[in-house]
1. So which residues in the stretch 41-57 are surrounded by 20 or more Cβ atoms within 10 Å (Cβ to Cβ) and over 27 Å from residue 179 (Cβ atoms), if there are any at all?
2. Can you list residue pairs whose Cβ atoms sit under 7 Å apart, with the first residue in the stretch 42-63 being in contact (Cβ under 8 Å) with a residue 24 or more places away in the chain and the second being open to solvent by 70 Å² or more (accessible area, probe 1.4 Å) and of a type outside the set (Val, Ile, Thr)? Count only pairs 6 or more apart in sequence or on different chains.
3. Across the stretch 99-141, which residue is least open to solvent (accessible area, probe 1.4 Å) among those that are among the hydroxyl-bearing types (Ser, Thr, Tyr) and within 11 Å of residue 40 (Cβ to Cβ)?
4. What are the residues in the stretch 60-81 that are in a helix (DSSP H, G or I) and among the small types (Gly, Ala, Ser), if any?
5. Mind listing just one residue for me: the one in the stretch 77-90 that is more than 14 Å from the chain's Cα centre (by Cα), closer than 17 Å to residue 183 by Cα and not polar (S, T, N, Q) and, of those, least open to solvent (accessible area, probe 1.4 Å)?
6. Just a yes or no: is a residue in the stretch 58-76 open to solvent by 50 Å² or more (accessible area, probe 1.4 Å) and hydrophobic (A, V, I, L, M, F, W, C)?
7. Scan the stretch 169-199 residue by residue and report those that are part of a helix (DSSP H, G or I) and free of Cβ contacts under 8 Å to residues at least 40 places away in the same chain.
8. Can residue 153 be described as at pLDDT 95 or above, acidic (Asp, Glu), farther than 25 Å from residue 196 by Cα and in a loop (DSSP other than H, G, I, E, B)?
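The values are calculated or read from the model by the stated rules, or taken from the named source; none is laboratory data. The model shown is predicted, which means the values in this text are computed figures rather than measured ones. Cβ: placed from backbone, ideal geometry, glycine included. Neighbour counts: every protein chain shown. Heavy atoms of the whole protein, side chains included, go into the accessibility calculation; ligands, DNA and RNA do not. Shrake-Rupley method; radii C 1.70, N 1.55, O 1.52, S 1.80 Å.
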Amino acid sequence: MRCYLIGLLLVTLGCGGGTEQAGQYDELPILSTVPDFALTERSGRTVELSELAGRVWLANFVFTQCPGPCPLLSQRMSRLQESLQDRPDVRLVSFSVDPENDTPDVLTHYAKRWQADPQRWLFLTGDKTDLYHLIKDGFKLAVDDGGQPGSPDPGIITHSLRFVLVDRQGRIRGYYQGGESYREEKILAAIRRLAGEMG
């Protein structure tokens, strides 16, 4: 499968009332709550939402066979990991949008490519139905594998390029562009602000 960008459509669908609108950089509204999940980490162990309770974390959505934006998104997560060395309590979480191919072994090799610290940067896969439900209904973001009848792009995975900031209570506090308008300093400032708050 190859990655295909919808561009403006994904920005619209992935926005979810995000925090990157002009004049709102300092606001971190409570947008929604991440529902419970149980997925498989690259190590093979099960990771549930409860494991992230009490921590600030940043999510993104990628797949290992993507020749398009996913390597760029992972590179940016790697830079964030490096910039957050002084915040070992913060977690980064990458969710696969192609779980049929992204097995734990595949994700392990992919994570090594980005020097992902296994204690701080999780790579999650699992049942496709569960993952897509979590992404669409939980994170309020677009994802599609082109497998639906009548799909204009059969076999092509489309997904949001947004990063999602989640607070210690599992509440979504911001959406940030991972594409061309990516601004690392805005994400870091928001993470540090939430991480500095008492949980």
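1. Result: no residue meets the conditions.
2. Matching pairs, first to second residue: 43/118; 49/36; 54/199.
3. Restricting attention to the stretch 99-141, the residues satisfying the condition of being among the hydroxyl-bearing types (Ser, Thr, Tyr) are 103, 108, 110, 125, 129, 132.
If we keep only those that are within 11 Å of residue 40 (Cβ to Cβ) as well, we get 103, 125.
Numbers: 103: 58, 125: 7 Å².
By that ranking, first place goes to 125.
4. 74, 78 - these are the residues of the stretch 60-81 that are in a helix (DSSP H, G or I) and among the small types (Gly, Ala, Ser).
5. Per the criteria, the residue is 84.
6. Initial filter on the stretch 58-76 (open to solvent by 50 Å² or more (accessible area, probe 1.4 Å)): 65, 67, 72, 75.
In the following step, the residues that additionally are hydrophobic (A, V, I, L, M, F, W, C) were identified as 72.
Yes, because at least one residue in the stretch 58-76 is open to solvent by 50 Å² or more (accessible area, probe 1.4 Å) and hydrophobic (A, V, I, L, M, F, W, C).
7. 185, 196
8. Numbers: at pLDDT 95 or above: no; acidic (Asp, Glu): yes; farther than 25 Å from residue 196 by Cα: yes; in a loop (DSSP other than H, G, I, E, B): yes.
The answer is no for residue 153.
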